[in-house]
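Structure, as structure tokens:
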Amino acid sequence: MTTGLAIAGLVFSVYQYSESRDAQARARREAKDAREAQQAATIAQNRRERQQSIERARRRRAAVIAQSQAQGALRSSPVQGALGSLQSQTTANVSFQNKLSKLAQFQQSRLDRAAGAQSRAASARAAAQIPGQLGFSNTQTFSDLLDGFNTTNTFQGVGANIPRNTG
């Protein structure tokens, strides 16, 4: 009768473990899909900001050119310097936005790895609990094994027959 209960308990524990693992896999996929959607939104936002930055720079450049043409100073050094400065600032802004985008992608990959590690740890924890659900304790079993092994008697006299150099 107890063997049948133990087997039933084992089957139920394995079933629970399987269901838990499937649920964790579903949760992991859902979380990954949510993170990918968030990452896509972040990438789109960064792209939009880059485009807006470039458009603002084009408007400023056009305004500088229009004002300098109206004054007849389009080829002057200050106007050329202003145009170069606008180009340099635009390039720096776009470069910074690209770096932020790459850092966000790197962060996302690390979050994905962390979520996978957490899932694997939860699966291992669930698997480790199966023997305990059946009434077995790994520490008790190991302890019982060590209690039957008397180290003092086993190693007594091990070095007694070794010849010693007394000279």
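The values are calculated or read from the model by the stated rules, or taken from the named source; none is laboratory data. Just so you know, these numbers come straight off a predicted model, no measurement behind them. Here the Cβ positions follow ideal geometry from the backbone for every residue, glycine too, while neighbour counts run over all protein chains shown.
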Exercise for the section: Could you tell me whether region 61-70 includes any residue that is surrounded by 14 or more Cβ atoms within 10 Å (Cβ to Cβ) and either at pLDDT below 85 or under 30 Å from Phe12 (Cβ atoms) (or both)? Expected result: no
Practice task
Six or more apart or on different chains, Cβ under 7 Å: which pairs go from a residue in region 98-118 that's touching a residue at least 60 places away in the same chain (Cβ under 8 Å) and of a type in the set (S, T, N, Q) to one that's in a helix (DSSP H, G or I) and surrounded by 12 or more Cβ atoms within 10 Å (Cβ to Cβ)? Could you list them?
Solution key: Gln105/Gln39; Gln108/Arg35; Gln108/Gln39
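Being among the small types (Gly, Ala, Ser), surrounded by 11 or more Cβ atoms within 10 Å (Cβ to Cβ) and at pLDDT 80 or above narrows it down to one of Ser85, Ser123, so name that one.
Criteria check complete, one pass: Ser85.
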Exercise for the section: Starting from region 70-85, keep only residues that are under 25 Å from Ile54 (Cβ atoms), then list their pairs with residues that are assigned to a helix (DSSP H, G or I) and among the small types (Gly, Ala, Ser) whose Cβ atoms are within a distance under 6 Å, requiring at least 6 positions of separation or different chains. Expected result: Leu74/Ser68; Val79/Ser68
Practice task
Identify, by number, the condition in (1) touching a Ser or Thr at 6+ places or on another chain (Cβ under 6 Å); (2) of a type outside the set (Asp, Glu); (3) assigned to a helix (DSSP H, G or I) that Leu74 doesn't meet.
Solution key: (3)
Exercise for the section: Please tell me if Leu83 is over 18 Å from the mean Cα position of the chain (by Cα), over 29 Å from Gln39 (Cα atoms) and either of a type in the set (Lys, Arg) or outside any helix (DSSP H, G or I) (or both). Expected result: no
Handout entry: Residues of region 64-111 satisfying the condition of being small (Gly, Ala, Ser) and within 30 Å of Arg28 (Cα to Cα)
Key = Ser101, Ala104, Ser109
Problem - Glu55 vs. criteria at pLDDT 90 or above and part of a helix (DSSP H, G or I) - result: yes
Exercise for the section: Return the pairs, sorted by first residue and then second, in which the second residue is among the aliphatic types (A, V, I, L, M) and part of a helix (DSSP H, G or I), the first residue lies in region 47-61 and is within 14 Å of Phe96 (Cβ to Cβ), the beta carbons are less than 6 Å apart, and the residues are 6+ apart or on different chains. Expected result: Arg50/Val94; Ala57/Leu86
Practice task
Give just the number: which of (1) within 30 Å of Arg113 (Cβ to Cβ); (2) surrounded by 13 or more Cβ atoms within 10 Å (Cβ to Cβ); (3) modelled with pLDDT of 85 or more does Ala27 not satisfy?
Solution key: (3)
